[in-house]
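Remarks on the structure that follows.
Where a number appears in this text, it was derived from the coordinates with a stated rule and is not lab data. Bear in mind that the values here come from a model prediction, so they are computed numbers and not experimental data. When we count neighbours, we look across all protein chains shown, and the Cβ atoms used for this are built from the backbone with ideal geometry, even at glycine.
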Amino acid sequence: MFDILPRIGGIVVNVNLTPRLEEMVRQKVETGLYNNASEVVREALRLMEARDRLDRLKMAIAHGDRQFEQGETFAFTPQLIEEMKLDAHRMTSEGVDPDPDVCP
């Protein structure tokens, strides 16, 4: 078990790892690439987040491909781009956060 120590304003989290995962963390720290187990865990979580985002994008592409195959398309015109910009500005002024998959 590793205790992930708090940062300023952070929390203490105890993480139970299998012996194999514990050894992986230890090896990563021993390489010098990471200073401690917390850094290894943070990097792993960032990679999981990136993988999840990639999975969502792949699903969106597959959905778009199906729509294209079914003829559900529309022209991507300068007028449409302007409408999209206006919608984005309106949503921002209303306090709506942009979708991180669209505006990372």
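Taking only Cα atoms, what is the 0 to 90° angle, nearest 10, from helix 19-30's long axis to the longest principal axis of the chain?
It is inclined by approximately 90 degrees.
Tell me, what HN-Hα J-couplings in whole Hz come from the Karplus equation 6.51 cos²θ - 1.76 cosθ + 1.60 at θ = phi - 60° for each residue of the range 69-78, using x for Gly and Pro?
4, 8, x, 8, 10, 8, 6, 8, 9, x
With unit charges on the beta carbon (Lys/Arg positive, Asp/Glu negative), name the residue among Gly71, Pro19, Ile61 whose Cα is farthest towards the positive pole of the charge dipole of the range 2-72.
Pro19
Would you pull out the residues with amide H under 5 Å of Val15's amide H, same chain only if 5 or more places away, H placed 1.01 Å from N?
Close amide H contacts, sequence-distant or interchain: Phe2, Ile4.
Relative contact order for the chain using alpha-carbon pairs under 8 Å, separation at least 6, rounded to a whole percent?
13 percent
At 7 Å along the Cα-to-beta-carbon direction for both Glu23 and Gln67, put a label point, then send me their distance in nm to one decimal.
Between Glu23 and Gln67, the simple spin-label model gives 4.9 nm.
Could the peptides 16-26, 34-44 be put in order, highest first, of the mean number of other beta-carbon atoms found within 10 Å of their residues?
Going from most to least packed, we get 34-44, 16-26.
If you place +1 on the Cβ of every Lys and Arg, -1 on the Cβ of every Asp and Glu, and leave all else neutral, what size is the dipole of the chain about its Cα centre, to the nearest 20 Debye?
400 debye
Label-point separation (nm) for Asp99 and Met59, each offset 7 Å from Cα along Cα-to-Cβ?
1.1 nm
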